[in-house]
1. Within 27 Å of residue 89 (Cα to Cα), assigned by TED's automatic domain parsing to the domain that holds residue 13, among the β-branched types (Val, Ile, Thr) and at pLDDT 80 or above, is that true of residue 131?
2. In the stretch 166-190, which residues are of a type in the set (S, T, N, Q) and within 14 Å of residue 110 (Cβ to Cβ)?
3. Scan the stretch 92-102 for residues that are assigned to a loop (DSSP other than H, G, I, E, B) and in contact with a strand residue (DSSP E or B) (Cβ under 6 Å, 6 or more places away or on another chain) and jot them down.
4. Using the structure shown, decide if residue 39 is more than 29 Å from residue 180 (Cα to Cα) and either modelled with pLDDT of 90 or more or not assigned by TED's automatic domain parsing to the domain that holds residue 102 (or both).
5. Got a sec? Which helices (runs of 4 or more DSSP H) wholly within the stretch 103-196 have at least 3 residues that are loosely packed, with under 13 Cβ neighbours inside 10 Å and without any contact (Cβ under 8 Å) to a residue 40 or more places away in the chain?
6. Assess whether residue 34 counts as being assigned to a helix (DSSP H, G or I), without any contact (Cβ under 8 Å) to a residue 40 or more places away in the chain and β-branched (Val, Ile, Thr).
7. So, of the residues in the stretch 6-32 that are buried (at least 21 other Cβ atoms within 10 Å of the Cβ), in contact with a helix residue (DSSP H, G or I) (Cβ under 6 Å, 6 or more places away or on another chain) and not hydroxyl-bearing (Ser, Thr, Tyr), which turns out to be nearest to residue 125 (Cα to Cα)?
8. Which of the following residues is of a type in the set (A, V, I, L, M, F, W, C), buried (at least 20 other Cβ atoms within 10 Å of the Cβ) and at negative phi: 77, 66?
Amino acid sequence: MKELTVGVFHHGCWGSASAKAFPEVLATVIGPITVWKKENGIARVFSAWNIKAPDKKTLDDYFSFVKNHPTMKKYRVFSRTNTTAFAASLFESNGSSYDAVINSNSLYVGPVVQENAYEKHQVLTKNPNSIKKLLNELEILGEVKVLKIAKPTEEENPFNLTEKQFLALRVARQNGYYSWPRKATLEELAASSGFTRRAFQENLRKAEAKVLPKLLNKEVGA
């Protein structure tokens, strides 16, 4: 099992284009990503974003850029300040990097991030073949750069979780399942991770049963 962070410059994609044009802007996916495939093979992708910019002008210019990109179908800003915003995008692409991750038997363990000219994906891969398949899938879409590759250490798993329990808990936390109100349902988390709802819920509940008692005992006593 390896944890891999890979950067993609997806040719023709608004995300990669905006990350290159505005390297100082940090755009992070919040919640699940939804992908539909049209009959002509074009992917239609919906995602929500938390956006941070150094100043108001940069944020204004960024919004103008992404709204006018030819692949963008709808882009809505729900709230903003001079330097931060929450927005949602609906765009079309000739290929989906999210599909490439799932098709390679890899699992997301962190949100997709656009910054410093790259669309960054943080995933767990089962073996070298999974890594190779993922990189091959992504190279079809554009330029690929491995930014980090590491093996999860024992210190990262102090509660003796199985791999599936660890993944379920981490995916739930990263996608806002423990926020109030919740930003994702069990069905959405399971679908984004390649699990059935029942399997995902079972692994998540077992992980919670291992983690929560120890944390509560530590914080508030037995």
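1. Values: within 27 Å of residue 89 (Cα to Cα): no; assigned by TED's automatic domain parsing to the domain that holds residue 13: yes; among the β-branched types (Val, Ile, Thr): yes; at pLDDT 80 or above: yes.
When the stated conditions are applied, residue 131 does not pass them.
2. Within the stretch 166-190, 174, 175 meet the criteria.
3. Listed by number, the list holds a single entry, 96.
4. no
5. Numbers: elements: 128-141, 163-174, 186-193.
Those helices (runs of 4 or more DSSP H) span 128-141.
6. Details: assigned to a helix (DSSP H, G or I): no; without any contact (Cβ under 8 Å) to a residue 40 or more places away in the chain: yes; β-branched (Val, Ile, Thr): yes.
Answer is no for this residue.
7. 8
8. From the options 77, 66, the qualifying one is 66.
The values are calculated or read from the model by the stated rules, or taken from the named source; none is laboratory data. For clarity, every value in this text was computed on a predicted model and none was experimentally measured. Ideal geometry is used to build each Cβ from the backbone, glycine not excepted, and the neighbour counts take in all protein chains shown.
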